[in-house]
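Let me begin by presenting the structure, written as structure tokens, before commenting on it.
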Amino acid sequence: NNDLPISLLIAAFTGASMLLIPHISPRRYFFAITVPSGFRSSDAGRTSLRHYYAAVVCSVVISVVAIILLDRWPGQLLPVVAMLAPAVLAMLAFLFERRQVAQVAPPADPVREADLSSDDDHLPRWIALVLPPFAFPLAAAAWLRAHWNEIPARVPVHWDAHNVANRWADKTERAVYGPLLFAGGMMLVMI
């Protein structure tokens, strides 16, 4: 079954993405709770992160076991389990840690101050990691351009649940490069 390796990679990628969730919010928020500066590096903050990381790793392990056990089932269940299980279990862990942080975090200062400088407003260091995925559609487009004469006159553009092509289009730039442009656009939306 060729779905197994791909499903395992999807589960690992989903789990890795879920590990980043606590770090993509501004520093004043921790698990969607407003906290004083420095709470993330406190003992309670580090404990919450360790618990969350452990839960996400467990969710990936549970997903991998489920994917391996479901490998012989008919149908297209593996990719769905691979995408949903780590995300749902990690989101439950996030909500649990959110409740824990709400209980242990000191109350936010009742006096609010607005910082008018732009010194703290910068992108996180890992933001450069969003650029390499754009190389895949570009490389595919370059390969398609180099092998344009080898592409058949009609290309499949849609597949059913059993991975059988059920819609075809004539070989045009739109039909061949359209999915790559769509993938690039979706990556931009996600950024």
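Quick grid of which residues meet (1) open to solvent by less than 80 Å² (accessible area, probe 1.4 Å); (2) under 20 Å from Trp126 (Cβ atoms); (3) of a type in the set (Gly, Ala, Ser):
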site: Ile24; (1), (2), (3): no, yes, no
site: Ser42; (1), (2), (3): yes, no, yes
site: Gly45; (1), (2), (3): yes, yes, yes
site: Tyr52; (1), (2), (3): yes, yes, no
site: Val64; (1), (2), (3): yes, no, no
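Comparison of Ser37, Ser7, Ser25 shows that the only residue that is touching a Lys or Arg at 6+ places or on another chain (Cβ under 8 Å), hydroxyl-bearing (Ser, Thr, Tyr) and modelled with pLDDT under 85 is Ser37.
The values are calculated or read from the model by the stated rules, or taken from the named source; none is laboratory data. From a predicted model like this one, the values you see are computed outputs, not experimental measurements. Glycine gets a Cβ as well: all are built from the backbone with ideal geometry, and neighbour counts include every protein chain shown. The accessibility values were calculated without ligands, DNA or RNA, using every heavy atom of the protein model including side chains. Shrake-Rupley method; radii C 1.70, N 1.55, O 1.52, S 1.80 Å.
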